[in-house]
Amino acid sequence: MNEGESATEEPRIKTEADIIQELKDQLQAKEDELKEERNQVLRVRAETDNFKKRLLKEKSELSLFANEKLIKELLPIYENMERALTSPDINIRSLKEGVQMIFKQFTSFLEKEKIETIVALGEKFDPSRHEALKQIELDTHDENTVVEEYSKGYLLHGRVLLPARVVISKKNAPSSGQGNSEITEL
């Protein structure tokens, strides 16, 4: 039996040594794999950081030059106005014609950019489109009707760009009796 035991024990010792070596090899392979994964994570982080930096730079440049198209379209209008004002043979009629031409050019530009005027006069006061500067007591208009426009309002693609600055009506107070109008600053 000693012979049989020694015969079975000897391969078992080799197998354990083989197993230990296999485990060491597997451990080394996993360590190498982990090292490669870490390197890959570092590369992805570096790429992400570079991408973020590039996006920030592009965003910065975009904000710097966002109005470039708009300015290019306004410059000819500016130059026409400058020519009208610096013309050596200026008279009222030619100045008026020049200003009318520039006004038409500017109006065309606004239409092309989808900028519309807010209709205010005679309309019901709308706080989302109008800014009330005063209220006037009037019997001739319904309450909260726009009766005067200090400055026009504008829409850009249907959204309020600048509200119309207006005066609105209010009904006469019962105690005021004869007074036709009273102005209230807002």
Next on the checklist: Please list 3J(HN,Hα) in residue order for region 108-125, calculated via the Karplus relation 6.51 cos²θ - 1.76 cosθ + 1.60 where θ = phi - 60°; whole Hz, with x for glycine and proline.
Outcome noted: 4, 4, 4, 5, 5, 7, 6, 9, 10, 7, 7, 6, 10, 4, x, 8, 5, 4
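State the three equivalent ellipsoid semi-axes of region 1-149, derived from the C-alpha gyration tensor as the square roots of 5 times its eigenvalues, in descending order and whole Å.
88, 29, 10
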Item to check | Mean Cβ count within 10 Å, highest first, over the residues of peptides 77-90, 108-121, 36-49 | outcome: 108-121, 77-90, 36-49
Item to check | DSSP-loop trypsin sites (Lys or Arg not before Pro) across region 116-152, with at most 15 other Cβ within 10 angstrom | outcome: Lys152
Checklist entry - For the modelled label position 7 Å from the Cα of Arg159 along Cα-to-Cβ, which residues of region 40-77 have backbone nitrogen atoms closer than 17 Å? => result 63, 66-67
Checklist entry - Taking square-rooted eigenvalues a ≥ b ≥ c of the alpha carbon gyration tensor, is region 67-113 rounded, prolate or oblate, where a/c under 1.5 means rounded and, failing that, a/b exceeding b/c means prolate? => result oblate
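FYI, it's all coordinate maths here, none of it is from the lab. Small disclaimer: the values here were computed from a predicted structure and weren't measured. Don't worry about glycine lacking a Cβ; one is built from the backbone with ideal geometry, like all the others, and counts go over all protein chains shown.
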